1. How much accessible area per residue does the chain have, in Å², with a 1.4 Å probe?
2. If you fit an axis through the alpha-carbon atoms of helix 37-46 and take the longest principal axis of the Cα set of the chain, what angle between them do you get, 0 to 90°, nearest 10?
3. Only sites in a loop by DSSP and with at most 14 other Cβ atoms within 10 Å count here; which chymotrypsin sites (Phe, Trp or Tyr not before Pro) in region 491-534 make the cut?
4. Provide the FRET efficiency to the nearest 0.05 for the ALA445-LEU41 pair, computing r from the beta carbons and using R0 = 30 Å.
5. Pairs of Cα atoms under 8 Å, at least six residues apart: use those to get the relative contact order of the chain, whole percent.
6. Only one of the values [x] 41, 31, 24; [y] 49, 26, 22; [z] 55, 27, 25 was calculated from this structure for semi-axes √(5λ) of the Cα gyration tensor in Å; name its label.
7. In the chain, what cysteines have no partner Cβ closer than 4.7 Å?
8. Based solely on its DSSP helices, what 222 nm [θ] is calculated for the chain when runs of n ≥ 4 H residues each add -39,500 (n - 2.57) and the sum is averaged over all residues, nearest 500 deg cm²/dmol?
Amino acid sequence: MRIVFKLVSIFLGFLSLFVLARVFFLWTNPEGLELHFTEWLDILRAAIPMDLSAVSMVFTILLLTIGLFSFFRGKTDPKHDMVSRERIVFLALGVAVIVLCTLDLRMFRYWGFHIDREFFSYLIAPKEALASVSLNDVVVFGVLALVQLLLLLVLGRILFGKGSGSERQIPRSAILISLPFLFLMARGGIGPATMNQATVYHSPKPFNNLAAINPVWNLVYSYTIDPLDPERYRFMDDSEAVELLAARLHSDSSSIADSLLDRGACRNLILIVLESFTAQAITSISGFDVPCTPCFDKAAGDGILFTQHYSTGDRSAESLVTLFTGFPAFTRVDVLDDPKRLRHLPHLYREFGVKGYETLFEYGGDLNFANMNALIREGRTGAIVDIDAFPSDYLKNQWGVHDAYVFHDFLERISDMASPFAATVFSLSSHEPYQVPHSDHFTGANSSFYNSLHYTDSCLGKLLEGIRNASYYDSTLVWITADHGNRQPGNWNLLHPNKFHTPLLLWGGPVKQNVRLDYPVSQAAIAPQIAELFGLNWPVQGSQLSLFDATTGAFYAYNDGGGMVSRLDRGVYDVAMHRCMEGNSSTCRKIQAYLQTVAQRMEELSISSDRKLQP
């Protein structure tokens, strides 16, 4: 009985770590603080099955390790040495749980979903991966981790200290008897349905459901699925998917474009991509009452403003892929995970080069992060400028050189370029942790983010002023957009379209009419639209997405699902849940068709070696 008591106590010890981690999760997330105490209790109660599954996984590792130690234990080794080893294994696994749960706290606040295997892909560049962490994060989450560590040490002393039989080692027979029960508990029972996210979903509020997911279980689960498994995204016959999506790939909107733009004057292209520059914080688009973006708002009155533009994903690298190739972001898989996929996609810079354009890409950070360098070089870009091109004494944040220096250098470089040219600048100062030179313009909640937007906006204003005064202005079409949106302002969950809401402004000499276009458009339409306006060779001309077609709508993908926004409706479909989270069945059917089509094309990119694919 003492051994049984010891095993149960260890199991409950791990469980207590997960319960405490979830309390910290609710306490550190603004959405959690807005919940009623009874909702906290509902979340803790709903999380129990998955927590038990996660504990079973951790406990299985502990028992197997102890069993392995027992086989190699010498005959003369005292039993208390074995108990000491059991305690070390318990503490080591406990520390691993604490580290993962603490990382999950920070990751969820920024990305809106729990830690999974994608997180570890960013650790290839640890400096950039940690660049989003502020000193305040280190202090707050460090203290929370310390509290959990103290609990772990107390549990270790109680469970493996002397007295009450705890000094007795766990026999192999107990390990063998326990393993089948732990397997069943990790699986979620003996029924046909195994443990999954749906098990803990209990509320109409997305955050409440996400809060009930165990981060360790989610990490293990992410390694058990094939993100490119065609059956995972097989919802219908291919013919039905084509038919459902046909409406957004149909009309010739060139006449509308011609009424707004002087096509003949579109000789040069400047693409300005602003980091995390969410449309939700732009007064001229969303009516936001904090004046973060006065320079953008002023420019919006002199151009073609798309007020409902949506990024296809929520990562910089995948958004840049969309901007240059038209290929949209996808759930759990990034084109740049395997840069060879780029060879089978069209590329704006490659096509500009064929037409004799000078090309430039400038970024104040490290382009090797997330394989962005592969994307830019695949376009045979003429000039590539990154952090290494700037003096070491330039004012920097954790990500690289601040926008003021980068935009000034960019302006000088394009002034020296021969026409025709295509040039892109990608900002970084408005990336977390939002450390900018002028950080006291706004105070209060989210002030650091608003200050970073205001700083980048001021840099944008100076850049646009320089372009307006340049000799190439009349023949240069400037595209101003963002890589992706942000959870703020509004604390949007990862499913909500406002998290993907980004600005798109066409500005410059070729603009004939200043107009607001208030229908949804997709980031995936930018590359084919540029190709059409500048006469570039692009796959399937006349049937790709158009920014000037109000019927196309916009799709986006998040960690494990997708969403759609159109003039008539919007919806969200979750792949892991097999559930329409928002919208009617017809809308979610279109989202399924979209996910199925993109999954097939991503799979083709992975295996193709001799043909190009249209986005």
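The values are calculated or read from the model by the stated rules, or taken from the named source; none is laboratory data. Note that the structure is a prediction, hence the values are computed from the model and not measured. Here the Cβ positions follow ideal geometry from the backbone for every residue, glycine too, while neighbour counts run over all protein chains shown. To get the accessible areas, we keep the full protein, side chains included, count just its heavy atoms, and leave off ligands, DNA and RNA. Shrake-Rupley method; radii C 1.70, N 1.55, O 1.52, S 1.80 Å.
1. Averaged over the residues of the chain, the accessible area is 41 Å².
2. Value to nearest ten degrees: 70.
3. none
4. Computed FRET efficiency for ALA445 and LEU41: 0.65.
5. On the way: 1092 pairs, mean separation 120.2, N = 615.
Computed value for the chain: 20 percent relative contact order.
6. [y]
7. By the Cβ distance rule, which asks for a partner under 4.7 Å, the isolated cysteines are CYS101, CYS266, CYS292, CYS295, CYS459.
8. Values: 22 runs with 283 residues, N = 615.
Taken over the chain, the calculation gives -14500 deg cm²/dmol.
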